[in-house]
Amino acid sequence: MTINDPTAASAIRACSDAVKPAIMATEFALKLSTALLMVFAGTLALVHMEVYLSVPQSTFDFTTLF
């Protein structure tokens, strides 16, 4: 096989055409998983804030203990 062999070029072209949809699918999966992770983190922060603010804050002062 020589460097200027047209069959080698066609084999490389076919391989690159097959790889492009796989890369696009992988990018989509990563973007979707990132978005879901961000939604989960935001929901977790909101639930934490809701639970934290729903508990009455303690006004107990340790200086009045004795």
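Bear in mind that the values in this text are calculations on the coordinates, not laboratory data. The model shown is predicted, which means the values in this text are computed figures rather than measured ones. Here the Cβ is made from the backbone with ideal geometry for all residues, glycine too, and neighbour counts use every protein chain on show.
Working from label points 7 Å from Cα in the Cα-to-Cβ sense, the Leu44 to Ala22 distance is 3.2 nm. Remark: the range 41-52, residue by residue, has Karplus-estimated 3J(HN,Hα) of 5, x, 5, 4, 5, 5, 5, 4, 5, 5, 5, 5 Hz, where x stands for each Gly or Pro and the curve is 6.51 cos²θ - 1.76 cosθ + 1.60 at θ = phi - 60°.
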